[in-house]
Amino acid sequence: MAGPGERRGEVGHRQALQIITAILRAVEGDNLLPITVWVSDAHGDLKAAVRMDGAFLDTPLNAQRKAYTAARGGSRTTRELRARVDQAPVDAHCFDPRFTYFGGGVKVVVDGQVLGAVGVSGRPEPGEDERLAVLGIRAAYPKAELP
């Protein structure tokens, strides 16, 4: 049941915090670059976010755009959307200007319903931001349909 002010079928603030906490625990003490995590609702709007101490100043905007793109784009991840655009470059001009094609944005889908998205930014290794987003989603939604 949705709580006061929450809409049914969306990531709630408790789940958003669970996602963020799981990701932060996973990276704590790994001596790699700090990150920003952004959790959005199904429309790409903010539910919760955190920028780790020392994370580069561009990571919040990148994480926001990744979550926004994953929530609104026609693919499960920003990586998948990038592959689609690479095959049909004209599609890149048809999308929302806030979209990004950097990996690290993952849609939260449960029982075929889009609940929101997670964007992670800060790690230079290909696929690492996406791996962390998936880890966080799995912590809050064990039955999520993940890439």
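The values are calculated or read from the model by the stated rules, or taken from the named source; none is laboratory data. What you are looking at is a predicted structure, and each value in this text was computed from that prediction instead of being measured. Cβ atoms come from the backbone with ideal geometry, glycine included; neighbour counts cover every protein chain shown.
May I ask you to list the residues in region 127-147 that are out of contact with any helix residue (DSSP H, G or I) (no Cβ under 8 Å at 6 or more places or on another chain), closer than 17 Å to ALA70 by Cα and assigned to a loop (DSSP other than H, G, I, E, B)? Result: GLU145, single match.
Of all the residues in region 60-103, those that are under 24 Å from GLU125 (Cβ atoms) and either at pLDDT below 80 or outside any helix (DSSP H, G or I) (or both) number 11.
Can ARG131 be described as within 18 Å of ARG25 (Cβ to Cβ) and buried (at least 21 other Cβ atoms within 10 Å of the Cβ)? Taking the combined requirement at face value, the residue does not satisfy it.
Every listed requirement among (1) surrounded by fewer than 18 Cβ atoms within 10 Å (Cβ to Cβ); (2) part of a loop (DSSP other than H, G, I, E, B); (3) at pLDDT 95 or above; (4) of a type outside the set (Val, Ile, Thr) is met by LEU32 save one, (3).
Considering each residue of region 36-54, count those that are without any contact (Cβ under 8 Å) to a residue 40 or more places away in the chain and on the phi < 0 side of the Ramachandran plot, and give that number.
The first filter runs over region 36-54 and keeps only residues without any contact (Cβ under 8 Å) to a residue 40 or more places away in the chain, leaving 43, 45-46, 48-51, 53-54.
Add one more test, that the residue is on the phi < 0 side of the Ramachandran plot, and what stays is 43, 45-46, 48-51, 53.
The total comes to 8.
Select from region 39-59 the residues that are among the β-branched types (Val, Ile, Thr) and either more than 16 Å from GLY103 (Cα to Cα) or part of a strand (DSSP E or B) (or both) and list them in ascending order. Across region 39-59, the qualifying residues are VAL39, VAL50. Every listed requirement among (1) surrounded by 12 or more Cβ atoms within 10 Å (Cβ to Cβ); (2) at pLDDT below 95; (3) hydrophobic (A, V, I, L, M, F, W, C) is met by ALA55 save one, (2).
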